[in-house]
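*Asks:* Structure in structure tokens, see below.
The values are calculated or read from the model by the stated rules, or taken from the named source; none is laboratory data. Since the structure is predicted, the reported quantities are computational estimates derived from the model, not experimental observations. All Cβ positions, glycine included, derive from the backbone under ideal geometry; neighbour counts span all protein chains shown. Keep in mind that these areas ignore ligands, DNA and RNA; they rest on the heavy atoms of the full protein, side chains included. Shrake-Rupley method; radii C 1.70, N 1.55, O 1.52, S 1.80 Å.
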Amino acid sequence: MGTQACPACGHALALAPGESLRPLNMDPPPQEAEPRYRDVRSGQRTAEPRSGDLHQRTPKPDAEELASLSAVLGSTLKPRRRSNQRISAVGRLDGEPHSDQSTAPYAARMSVEELMDQARNYVCRSCSTPVPLGHKFCGRCGASVPPEILATRTQFFGQLQQPGKAKLILIRGEGVEGLSYQLSAEQHIVGRSGQLVFPDDPFVSPVHANLFYRDDKLVVKDEGSLNGVYLRVRGSTSIEFGQLILAGEQMFRVEGTPTPSDQPGPDGTYFYTSPKLPTALRIVQILQGGAEGMAVCARSGGLQIGREGGDLNFPGDLYMSASHCKIEESGGKATVTDLSSRNGTFVRISKEKELSHGDYLFIGKKLLRVEITAA
């Protein structure tokens, strides 16, 4: 009865034996003034800083400041943690509600797409070195890849393994894999808009191609694009005269026997030219914008293209092999044969083409590899 209460928490104030209760508004008993400055190097306290030395002021609040501070902060202070209470991994006491979303782990607040993108392009948090897919540790500093990144990578590849479905992998030079696109829908429009979008490629039309399934087979169709869709040659393949091919960075059009134009003029005079030799086909180089470049006629049954030693040589083309490909004519039909070139030979498809596992496509300036999961 009559015990004074604490202004901060409202509990009764207990007195130790021999102590007397002092009113709160009473000034504290006089005491010696504690030195307000401390020498950082020696640790000794001084009343005033000495000239030329480093000192640190250590003010001490009085009783009135402590009382007012307790009254203001009393409602916001949390109770001390009990000795048998644990702290979870997210910094929350056991038993506290999950209402504050900001306390959730960083990975839990990211969308699935964001997690997949971070897993594909993970950068070490210790040394900022890219960590390739499938690696559990950084190759530079040895730091381990976080468990949430490893779990997301596993989940990402698990979603791609759908029997009978395909995916496209963007190749970025020297066989390095880039982004992958899962082809799980009925059709997939490729272009500057659609399902597979390449907005940074100026050679891709707004609606360039369509990838769809027909009788459980993947088919690619050219949707009237300006630059077409090119399929890599496997060994040898037959082509039509007038069809375009890619070898290295060069584009060619394969033409049949040239139309004779050696008739005399209206006055009966012949135009004087180099001697004409018989030829079965000729190859015309196509320059940017559609202009024609070099034109070479086959003196025998075919022409060979490469960096050196062929009928058409391009020593400055770094993507052209020494002996890249060969175009031959037989029975009025043309055949393109890839001579085990490093970067392959590509033929522009006329309308649509059925694709197989391991095929390569050129769409615009993008090289894509087809991978089909076995059913």
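*Asks:* Among the numbered criteria (1) open to solvent by 30 Å² or more (accessible area, probe 1.4 Å); (2) at pLDDT 95 or above, which single criterion is violated by Cys325?
*Replies:* Cys325 satisfies every listed condition except (1).
*Asks:* Something else now. For region 331-363, which positions are small (Gly, Ala, Ser) and touching a strand residue (DSSP E or B) at 6+ places or on another chain (Cβ under 9 Å)? Before you say what the answer is, go through the steps one by one.
*Replies:* Let us first name the residues in region 331-363 that are small (Gly, Ala, Ser), namely 331-332, 334, 340-341, 344, 350, 356, 358.
Correct list: Ala334, Ser341, Gly344, Ser350, Ser356, Gly358.
*Asks:* Return only the number of the condition from (1) more than 30 Å from Pro206 (Cβ to Cβ); (2) open to solvent by less than 50 Å² (accessible area, probe 1.4 Å); (3) assigned to a loop (DSSP other than H, G, I, E, B); (4) not polar (S, T, N, Q) that Leu318 does not satisfy.
*Replies:* Answer for Leu318: the failing condition is (2).
*Asks:* Moving on to the next point. Quickly run through region 208-265 and pick out the residues that are in contact with a Gly (Cβ under 6 Å, 6 or more places away or on another chain) and within 15 Å of Ile327 (Cβ to Cβ).
*Replies:* Correct list: Phe241 only.
*Asks:* Go through Gln285, Gln304 for me and flag whichever is within 18 Å of Cys325 (Cβ to Cβ) and open to solvent by 40 Å² or more (accessible area, probe 1.4 Å). Even if it seems obvious, please write down each step before you answer.
*Replies:* On the way: Gln285 fails: open to solvent by 40 Å² or more (accessible area, probe 1.4 Å).
Just a single option satisfies the conditions, and that option is Gln304.
*Asks:* Also, quick follow-up: Can you give me the number of residues within region 273-282 that are open to solvent by 50 Å² or more (accessible area, probe 1.4 Å) and at pLDDT 85 or above? Break it down into steps so the answer makes sense when it comes.
*Replies:* First, pick out the residues of region 273-282 that are open to solvent by 50 Å² or more (accessible area, probe 1.4 Å): 273-278, 282.
Filter once more, keeping what is at pLDDT 85 or above: 282.
Residues that pass the stated criteria total 1.
*Asks:* For the condition within 23 Å of Asn343 (Cα to Cα) and either outside any strand (DSSP E or B) or at pLDDT 85 or above (or both), what is the one hit in Gly224, Gly173, Gly164, Gly178?
*Replies:* Working: Gly224 fails: within 23 Å of Asn343 (Cα to Cα); Gly164 fails: within 23 Å of Asn343 (Cα to Cα); Gly178 fails: either outside any strand (DSSP E or B) or at pLDDT 85 or above (or both).
Just a single option satisfies the conditions, and that option is Gly173.
*Asks:* What number of residues in region 224-256 are within 27 Å of the chain's Cα centre (by Cα) and open to solvent by 40 Å² or more (accessible area, probe 1.4 Å)? Write out each step before concluding.
*Replies:* Kept after step one, since they are within 27 Å of the chain's Cα centre (by Cα), are these residues of region 224-256: 225, 227-232, 248-249.
Among the residues that remain, those that are also open to solvent by 40 Å² or more (accessible area, probe 1.4 Å) are: 227, 232, 249.
Matching residues across region 224-256 total 3.
*Asks:* Would you mention how many residues in region 208-223 are open to solvent by less than 60 Å² (accessible area, probe 1.4 Å) and over 29 Å from the mean Cα position of the chain (by Cα)?
*Replies:* Looking only at that region, the number is 0.
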